[in-house]
Every structure is written in C-alpha cells, then in structure tokens.
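The values are calculated or read from the model by the stated rules, or taken from the named source; none is laboratory data. Quick caveat: nothing in here was measured; it's all calculated off a predicted structure. Quick reminder, even Gly has a Cβ in these numbers, built from the backbone with ideal geometry, and neighbours come from all protein chains shown. Areas reflect the complete protein model, heavy atoms only, side chains present, ligands, DNA and RNA absent. Shrake-Rupley method; radii C 1.70, N 1.55, O 1.52, S 1.80 Å.
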Amino acid sequence: LKFGCPWPCYLQPATCAKMAARDGFVESSSEDQERIRGWALHFAAAKQAAEYFGRRPRRFSLLLGHPEGAPLPENAKRIHFVRHGQGAHNVWRAQEHAAGRAPHAKRGNFGDVPRGLHDPDLTDRGREEAAATQVLAAAACSPQLLVTSPVRRAVQTCLTVFKAAIDRGVPLLAHELCREQFRGLDPSIYDARRGREALSREFPQVDFQKYVLPETVSLNASVSRSNGGAAADEAAQLVADPMWWLCGSPLGACEGGTNETSMMEHAYGFMCWLMSRPEGEVGVATHSLWLLALYYGAFDNPGSNACGDPHVFYTGELRTVLILERPAPATSGGCLAAYGSALLGSGLTGQEQDEVHPQKRARTVGDRGAVLESLSLGC
C-alpha cells in the first residue's frame with residue numbers, strides 16, 4: 001500500500017496553495033495518527049477481499065491529468081468533498097489527549113461527560129472555517145446536487161459552504177451512507193446523530209426523509225442495551241440513531257459491531273448511488289474517517305503520489321476531484337473458477353480437465369490463435 005496525497009485538486013492554484021498550508025494528519029494527535037495508519041491498511045485489505053469475492057463490479061478512480069476546462073467523459077463526475085468544520089467534540093478530544101487521558105464518551109457514561117458531545121455543534125472556529133471555505137466554493141463550485149451526512153456538524157458545514165448553491169435552489173439531501181463512521185459495540189456518543197424528525201425540524205432546508213433511517217427501534221428494547229449506564233431520557237436521545245445504537249449496518253452483517261469492512265462498504269455503496277445519479281457535479285459534506293474509507297477502500301488507488309503518511313482532510317477542507325467509473329477489469333486466471341467446486345468436493349475427473357482448460361482444447365485442435373486469446377484472458 002502506498003500512502004500519500006491521493007487527492008489531486010481541481011480548484012484554482014491559489015486555493016490549493018492555501019489548503020496546502022494545513023495538514024489534517026499532522027494536526028491529529030499521535031494516538032489518532034497510529035489509528036489512521038491502521039485504518040488505511042484495513043480499508044485497503046478489505047477492498048482487496050471484496051474484489052476477490054466479486055463484490056466490486058463497478059470501479060471508481062480519480063481521473064488524473066484531465067485538461068482544465070475540457071468536458072468530462074460520460075462516466076465521470078466532478079465532486080466537491082468537504083470535511084465538516086471543527087466540532088465541540090474535536091476540542092474535547094484534544095483536551096483529553098493533552099491531559100494524558102483517552103477520550104471516553106460512551107453510552108455508559110453519557111451523563112458524566114459534557115452534554116454537547118452528543119451530535120455536537122460546530123465551534124466558533126468551525127463556523128469560521130466553513131465561512132472561509134464558502135468563499136472558495138462560491139468561486140469554484142457549481143454543483144447540481146448537494147449531499148450531506150445527517151450528523152449535525154456536517155449539515156451545518158454544508159449549509160454554510162454551499163450557501164450560494166442552496167440560494168440558487170440546488171437540492172440538498174442527507175444520506176446515511178456518508179455519515180460519521182464508528183466501530184465496535186460501544187461507539188462514542190459524538191458519532192451518533194439526532195433522530196430524523198428532530199433533524200428535519202432543525203434543518204428544514206435538508207431532505208432527511210429519503211436516505212436517513214427512521215426511529216424504528218422501540219425504546220423499551222433499546223434501554224436494555226445501555227448496560228444501565230444511561231437514564232431512560234438520555235437513552236431516548238441515543239436510540240433515535242438506529243445504526244449507532246445497534247452498532248450495525250444496513251448493507252451486511254457485523255459480527256462484534258461495525259468494523260472497517262462495513263465502513264468501506266458504506267463508502268463504496270454511497271459511490272454506487274452517487275455515480276448512478278444524473279448530476280455531473282455534486283457537493284458532499286462529510287467526515288475525515290469516511291473520506292479515508294472512500295479513498296483506501298472504494299477508489300482504485302492510482303499509486304502515483306506516494307509521499308509518506310495517509311492524507312487526512314483537515315476541518316473545513318474542500319477538495320474538488322474528478323471521479324471516473326469503469327467496469328471491473330478482466331481477472332487473472334478467471335477460468336480457474338470452474339475448478340472450484342471440484343477442489344472443494346469430490347475432486348477432478350479427466351473429462352472436467354479437458355472441458356475446462358482452454359489451452360488444452362486449443363492445443364488439441366492445433367488452434368494457435370485460441371491459445372493466445374486464452375493467455376490474454378489469464379486462462
């Protein structure tokens with residue numbers, strides 16, 4: 001795996017130079033840096049496994065070297081990714097690390113940590129970051145669709161950064177699959193969102209109905225999962241987020257809670273949805289860990305910009321990238337799959353070997369062209 005700066009930016013050079021002055025990985029704590037490196041490796045390994053098992057029929061990669069101003073291919077989109085501005089939880093976590101403590105804000109100690117950590121707001125600095133990015137977006141972005149994580153800090157960032165597009169009437173959707181990621185059976189409360197109906201009331205400009213899960217889990221069944229650590233009224237706030245409360249995924253089974261594979265699948269599933277839409281230019285407000293899963297777990301890594309540590313979006317960072325979709329390439333030795341059931345069962349027969357192996361068939365009939373063709377397919 002080659003780490004590095006995988007996001008060639010298609011904003012103006014002055015904008016890119018301004019963004020280069022900050023580095024989200026460097027700004028992370030040493031503890032988080034180690035976790036980020038591990039996550040990137042996990043995402044890449046899970047992606048490779050998904051390809052092996054045929055779960056990646058659609059492939060997405062960064063379109064590099066595209067001439068500025070040239071029309072995009074039909075199977076490409078221009079996407080403006082922005083990480084949310086600084087949130088209250090970012091400040092709290094930094095304070096905990098500085099004090100030598102591991103940040104611990106879970107369902108079991110919900111009442112013992114600052115109440116604002118549940119689906120936290122942007123800080124004053126976070127709002128300033130979003131406002132500064134708004135200037136860049138207004139000058140360089142013309143999205144036809146806006147998509148945001150349903151987590152409040154991302155919604156607040158999206159409303160500010162893409163204000164010009166919203167004022168023009170560009171539709172704005174919240175989508176569960178680009179939300180903040182978490183792992184295990186005891187995720188942090190700042191990774192949980194408020195309920196769909198509460199979010200709809202707070203942000204009427206955003207459509208939360210189509211792609212955000214409803215509050216379908218009964219409180220009585222859910223309170224038993226709080227391990228007695230949260231009062232019923234506090235649990236009622238947390239249970240309004242089914243994915244977080246149940247530590248699961250709508251896309252597959254999660255043994256032991258959500259994990260890096262589910263994070264990767266969410267990013268890949270989101271890209272399948274987004275690339276199937278008709279809009280050619282889209283703005284997406286999301287989170288740094290989701291973006292890490294997107295690049296290392298969903299994109300085909302161009303492998304040409306290795307420069308050290310994984311690239312992490314800093315708070316409020318906007319990057320414009322061109323995404324190209326293509327079908328999965330021909331596999332190496334694909335015809336060998338015909339032997340799989342025999343190797344797992346009663347074994348091979350002479351007839352199976354003659355019927356399956358194209359090179360043997362070609363040699364039998366003396367067809368040199370068929371041999372070359374089978375070799376080109378990896379058979």
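Look at (1) open to solvent by less than 60 Å² (accessible area, probe 1.4 Å); (2) at pLDDT below 90 and you find that PHE43 fails only one, number (2). Being farther than 16 Å from THR320 by Cβ and in contact with an Asp or Glu (Cβ under 8 Å, 6 or more places away or on another chain): is that true of ARG83 here? Taking the combined requirement at face value, the residue does not satisfy it. Summed over the stretch 46-57, the residues that are open to solvent by 70 Å² or more (accessible area, probe 1.4 Å) and outside any loop (DSSP other than H, G, I, E, B) give a count of 2. So how many residues does the stretch 225-245 have that are hydrophobic (A, V, I, L, M, F, W, C), surrounded by fewer than 17 Cβ atoms within 10 Å (Cβ to Cβ) and modelled with pLDDT of 50 or more? Summing the residues that are hydrophobic (A, V, I, L, M, F, W, C), surrounded by fewer than 17 Cβ atoms within 10 Å (Cβ to Cβ) and modelled with pLDDT of 50 or more in the stretch 225-245 gives 2.
Could you grab me the full set of residues in the stretch 252-276 that are at pLDDT below 95 and surrounded by fewer than 16 Cβ atoms within 10 Å (Cβ to Cβ)? Scanning the stretch 252-276 gives GLY252, ALA253, GLU255, GLY256. Restricting the stretch 90-109 to residues that are without any contact (Cβ under 8 Å) to a residue 12 or more places away in the chain and among the hydrophobic types (A, V, I, L, M, F, W, C), the residue that is nearest to GLY316 (Cα to Cα) is ALA98. Residues in the stretch 86-117 that are open to solvent by 50 Å² or more (accessible area, probe 1.4 Å), in a helix (DSSP H, G or I) and among the small types (Gly, Ala, Ser): ALA94, ALA98. Within this structure, PHE81 passes the test of being open to solvent by less than 70 Å² (accessible area, probe 1.4 Å), modelled with pLDDT of 85 or more and in contact with a strand residue (DSSP E or B) (Cβ under 8 Å, 6 or more places away or on another chain). Which one is nearest to ALA131 (Cα to Cα) among residues in the stretch 153-171 that are touching a residue at least 24 places away in the same chain (Cβ under 8 Å) and open to solvent by 10 Å² or more (accessible area, probe 1.4 Å)? Step by step, filter the stretch 153-171, then rank; the result is THR160. Checked across the stretch 64-73, the condition of being in contact with a helix residue (DSSP H, G or I) (Cβ under 9 Å, 6 or more places away or on another chain) and in a loop (DSSP other than H, G, I, E, B) holds for no residue. Pairs meeting the criteria (first residue in the stretch 259-274 and within 15 Å of GLU325 (Cα to Cα), second residue of a type in the set (Ser, Thr, Tyr) and part of a helix (DSSP H, G or I), beta carbons under 9 Å, at least 6 apart or on different chains) are ALA267/TYR295. Within the stretch 323-332, the set of residues being part of a strand (DSSP E or B) and more than 16 Å from the chain's Cα centre (by Cα) comprises LEU324, GLU325, ARG326, PRO327. All but one of (1) of a type in the set (Lys, Arg); (2) more than 23 Å from VAL155 (Cβ to Cβ); (3) in a helix (DSSP H, G or I) hold for ARG125; which doesn't? Unmet condition: (2). The selection criterion, being of a type outside the set (Val, Ile, Thr), surrounded by 12 or more Cβ atoms within 10 Å (Cβ to Cβ), touching a residue at least 24 places away in the same chain (Cβ under 8 Å) and touching a strand residue (DSSP E or B) at 6+ places or on another chain (Cβ under 8 Å), holds for PHE60.
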